[in-house]
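The values are calculated or read from the model by the stated rules, or taken from the named source; none is laboratory data. None of the values given here were measured: they were computed from a predicted structure. Quick reminder, even Gly has a Cβ in these numbers, built from the backbone with ideal geometry, and neighbours come from all protein chains shown.
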Amino acid sequence: MRVKKLTVRDISEIKFYILALLIGSIVELILFAMYGSPYLYLDAIFIIFIFLVRFLSGLGIFSTFSLAAMYILKYFSPYFRGSKKRSERFLTLLNLLMILAFLGLVTYSVFTTIIGKFNLTTSIIGILTVVLSYYISPIWKAESKAKINDSLLDEIKEAFRGIKLDIVRGYYKYISREYLKAYSIDYIKFRAKWDKFRYKASIYMVPLIALSSVILPFFLILFAFLVIRLFILRINYLSRIDYIVISSYSIAAIYILVFVHATQFIYQPILWLFPYLMGLLVSFVAYINAMFFHGRPLK
């Protein structure tokens with residue numbers, strides 16, 4: 001197996017984090033000597049982490065819904081081939097089901113909270129899923145999921161990808177007359193744009209995650225270096241090491257949440273429900289805007 005040679009940028013980044021590790025370790029030793037604990041009991045700060053990951057969890061709902069819709073449209077396309085009216089009725093039904101699914105999810109979340117059936121275990125599994133999706137999976141990928149700002153080349157590639165999808169859509173609509181497959185292109189476009197927005201949002205949230213890391217001063221130092229790299233030195237992407245720092249802190253924070261005693265304040269259901277509903281609402285508005293106001297119907 002061929003080992004990739006380290007670039008000057010890689011070496012500089014490694015040196016950057018080695019310095020952060022040394023400083024963080026010293027701070028952690030001082031904290032442990034003073035308080036006998038490697039972390040601080042700061043529930044009010046810890047809420048920031050919970051709020052962010054629950055918000056990101058809500059943002060991903062319609063990305064999942066649109067993926068399901070794409071497969072449904074492709075699967076049923078042969079049964080509606082050549083019939084525009086039947087295809088339009090099926091699309092209307094599918095969109096209605098998506099809206100009902102959203103309303104059902106909101107109703108269920110609020111109802112279980114009101115009657116005191118809030119499930120902390122399920123919510124923590126949701127947090128783990130978010131951390132895995134946004135911050136752990138990119139570690140072994142060739143490139144970061146998102147950059148802070150797109151280059152001109154990125155914009156050109158995206159424009160050509162849009163043109164390619166338009167051509168495919170035209171083929172399905174005018175030549176093969178597979179109207180459901182033609183409409184599935186709109187879902188592909190929505191999901192691509194929405195995923196890009198979500199991953200960019202996860203990068204812009206790094207300073208707030210850094211603030212929440214005050215509970216673990218070791219990671220606070222690492223995050224301080226990360227924020228400097230991203231927003232002062234203007235590094236335009238998250239590297240593997242950056243993702244490792246964020247995911248390591250997230251896992252440590254979840255461990256504290258599950259296994260370390262905290263005040264009951266941190267487990268109040270409303271603190272977990274509100275950011276999740278906010279993410280759901282933003283995701284829903286984006287979906288409605290894309291599908292009903294900026295989407296292109298088959299007519």
Worksheet, complete the sentence: Checked pairs for region 3-19, first closer than 14 Å to ILE244 by Cα and at pLDDT below 65, second of a type in the set (Asp, Glu) and surrounded by 10 or more Cβ atoms within 10 Å (Cβ to Cβ), C-beta under 6 Å and 6 or more apart or across chains, list as none
Fill in: Candidate set from region 219-253 (those that are part of a helix (DSSP H, G or I) and of a type in the set (Lys, Arg)); member that is nearest to SER137 (Cα to Cα)
ARG240
Item to complete: Sort through LEU233, LEU211, LEU222, LEU226 and tell me the only one that's aliphatic (A, V, I, L, M) and either over 22 Å from SER133 (Cα atoms) or in contact with a strand residue (DSSP E or B) (Cβ under 9 Å, 6 or more places away or on another chain) (or both).
Response: LEU233
Worksheet item: Say we look at region 277-294 and pick out the residues that are touching a Phe, Trp or Tyr at 6+ places or on another chain (Cβ under 8 Å) and at pLDDT below 90; which of these is farthest from ILE99 (Cα to Cα)?
Response: ALA290
Discussion item. Can you confirm whether LEU222 is surrounded by fewer than 16 Cβ atoms within 10 Å (Cβ to Cβ) and either in contact with a Pro (Cβ under 8 Å, 6 or more places away or on another chain) or not aromatic (Phe, Trp, Tyr) (or both)?
Written reply: no
Fill in: Neighbours by Cβ (under 8 Å, 6+ apart or cross-chain): first from region 169-187, closer than 14 Å to ARG81 by Cα; second in a helix (DSSP H, G or I) and polar (S, T, N, Q)
GLU178/SER77; TYR179/SER77; TYR179/SER87; LEU180/SER77; LEU180/SER87; LYS181/SER77; TYR183/SER87; SER184/SER77
Discussion item. It is to be established whether one or more residues within region 187-203 are over 26 Å from ILE47 (Cα atoms) and either small (Gly, Ala, Ser) or at pLDDT below 85 (or both).
Written reply: yes
Response to the item:
Selection over region 47-101 where residues are part of a helix (DSSP H, G or I) and either acidic (Asp, Glu) or on the phi > 0 side of the Ramachandran plot (or both) yields a count of 1
Discussion item. Just checking, does region 225-234 include any residue being modelled with pLDDT under 80 and more than 30 Å from LEU93 (Cα to Cα)?
Written reply: yes
Worksheet item: LYS145 passes all but one of (1) modelled with pLDDT under 90; (2) in a helix (DSSP H, G or I); (3) in contact with a helix residue (DSSP H, G or I) (Cβ under 7 Å, 6 or more places away or on another chain); which number fails?
Response: (2)
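Only one residue in ALA159, ALA182 is touching a Phe, Trp or Tyr at 6+ places or on another chain (Cβ under 8 Å) and farther than 23 Å from SER283 by Cβ. Which one?
ALA182
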Worksheet item: Mind checking whether some residue in region 33-49 is modelled with pLDDT of 85 or more, within 21 Å of the chain's Cα centre (by Cα) and buried (at least 16 other Cβ atoms within 10 Å of the Cβ)?
Response: yes
Discussion item. With the structure loaded, tell me whether PHE111 is out of contact with any strand residue (DSSP E or B) (no Cβ under 8 Å at 6 or more places or on another chain), in a helix (DSSP H, G or I) and at pLDDT 90 or above or whether it fails that test.
Written reply: no
